[in-house]
Amino acid sequence: MLAAYITHPDCTRHEMGPGHPECPERLGAIQDQLLIKGLLDYMLPYDAPLATDEQLCRAHSALHVRGIVDNAPSEGYHPVDPDTSMNPHTLQAARRAAGAAVQATDLVLGGKVSSAFCAVRPPGHHAEHDAAMGFCFFNNVAVGIRHALDVHGLQRVALIDFDVHHGNGSENIFKDDDRVLMCSIYERGLYPFPEETGHTTTMVNVGLPTRSGGKEFREAVTRHWIPALDEFKPELIYISAGFDAHREDDMGNLALVEADYEWVTQQLVAVAQRHCQGRVISCLEGGYVLSPLARSATAHVKVLIGAD
């Protein structure tokens with residue numbers, strides 16, 4: 001069974017000004033590399049639909065959704081925070097990005113594809129229940145997860161986040177939902193500056209020191225994530241796939257390389273094969289230097305779709 005590749009041209013029309021690191025070219029770089037490596041031959045292409053208000057409000061407050069809709073500018077930019085702004089196309093792109101996670105959920109749980117990679121932007125994991133921030137407007141993965149739980153009736157879903165920045169928005173949305181196990185690795189001292197709160201039964205968030213490198217990253221996954229995932233036995237795994245921990249990306253300083261993203265994807269696919277029929281949905285988060293982003297995303301997708 002082939003995997004799904006979900007994206008949409010609308011996701012390239014959102015931009016936040018000249019020189020902004022979260023730029024439209026990110027998606028083109030990934031798609032070009034997947035094409036060069038022949039991986040798109042193993043994937044079914046889908047156009048991401050627009051997420052509805054009902055779907056968005058499973059993860060966000062109605063007030064937040066309405067605020068994003070009402071503040072969409074007809075021209076120029078509307079600032080959300082010092083690093084995040086909306087242009088006239090942002091609302092459409094953000095609905096597509098969240099809609100991709102919903103569509104991926106339907107496809108995977110419906111048995112139409114084995115797994116899915118959502119090549120979408122804006123990213124989502126900093127968007128909280130009632131706040132947009134950190135380049136994010138709607139929490140794409142959270143919208144997908146709540147669709148799996150509330151519409152498809154799943155009872156145990158895992159969220160894995162290996163972006164260099166902690167997914168504070170995802171933690172905010174799921175901290176009191178015992179149907180979701182969140183496992184995150186991030187660099188300490190970076191935005192959004194999370195508190196070190198230790199692990200709970202549903203939150204396994206590991207802050208790593210600067211310049212940790214692949215060895216410490218892999219040890220944290222093996223020691224903390226895998227046992228928690230095996231105990232939880234998820235019915236579906238979502239990945240917030242940020243590639244800004246790469247050593248060539250100046251947004252962070254964990255010094256990972258493509259082989260680390262390939263390895264962690266192998267571990268997660270193995271967990272999925274043990275517990276949830278191999279069902280994995282991955283949504284793009286960070287990664288801002290185009291070449292390492294494209295190479296890392298390709299290493300990730302190669303394993304995700306079983307082409308390694």
Selected residue [of a type in the set (Val, Ile, Thr) and out of contact with any strand residue (DSSP E or B) (no Cβ under 9 Å at 6 or more places or on another chain)] from Val143, Val157: Val143
Yes or no: Leu50 over 19 Å from the mean Cα position of the chain (by Cα) and in contact (Cβ under 8 Å) with a residue 12 or more places away in the chain? no
Hey, His147 in contact (Cβ under 8 Å) with a residue 24 or more places away in the chain and over 19 Å from the mean Cα position of the chain (by Cα) or not: no
Suppose we keep only residues that are free of Cβ contacts under 8 Å to residues at least 12 places away in the same chain and assigned to a helix (DSSP H, G or I) within the stretch 252-299. Which one would you say is farthest from Leu154 (Cα to Cα)? Ala270
Quick check on Asp41: is it exposed (fewer than 14 other Cβ atoms within 10 Å of the Cβ) and either more than 18 Å from Val141 (Cα to Cα) or without any contact (Cβ under 8 Å) to a residue 24 or more places away in the chain (or both)? yes
Could you list, in sequence order, the residues of the stretch 211-257 that are closer than 30 Å to Gln103 by Cβ and of a type in the set (Gly, Ala, Ser)? Ala228, Ser240, Ala241, Gly242, Ala245, Gly252
Consider Ala62 carefully, then state whether it is small (Gly, Ala, Ser) and touching a residue at least 12 places away in the same chain (Cβ under 8 Å). no
Any residue that is surrounded by 21 or more Cβ atoms within 10 Å (Cβ to Cβ) and either farther than 26 Å from Tyr5 by Cα or touching a Cys at 6+ places or on another chain (Cβ under 9 Å) (or both) - is there at least one of those in the stretch 257-277? no
Could you tell me whether the stretch 185-199 includes any residue that is in contact with a Phe, Trp or Tyr (Cβ under 6 Å, 6 or more places away or on another chain), closer than 20 Å to His275 by Cα and either not acidic (Asp, Glu) or not in a loop (DSSP other than H, G, I, E, B) (or both)? no
Being of a type in the set (Val, Ile, Thr), out of contact with any Pro (no Cβ under 7 Å at 6 or more places or on another chain) and free of Cβ contacts under 8 Å to residues at least 12 places away in the same chain: is that true of Ile36 here? yes
Would a scan of the stretch 206-216 turn up a residue that is closer than 24 Å to Glu262 by Cα, crowded, with 21+ Cβ neighbours inside 10 Å, in contact with a strand residue (DSSP E or B) (Cβ under 7 Å, 6 or more places away or on another chain) and without any contact (Cβ under 8 Å) to a residue 60 or more places away in the chain? no
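Throughout, read-outs are computed from the coordinates displayed, never taken from laboratory work. Quantities reported herein were computed from a predicted structural model and do not represent experimental measurements. Neighbour counts run over all protein chains shown; Cβ positions are idealised from the backbone, glycine included.
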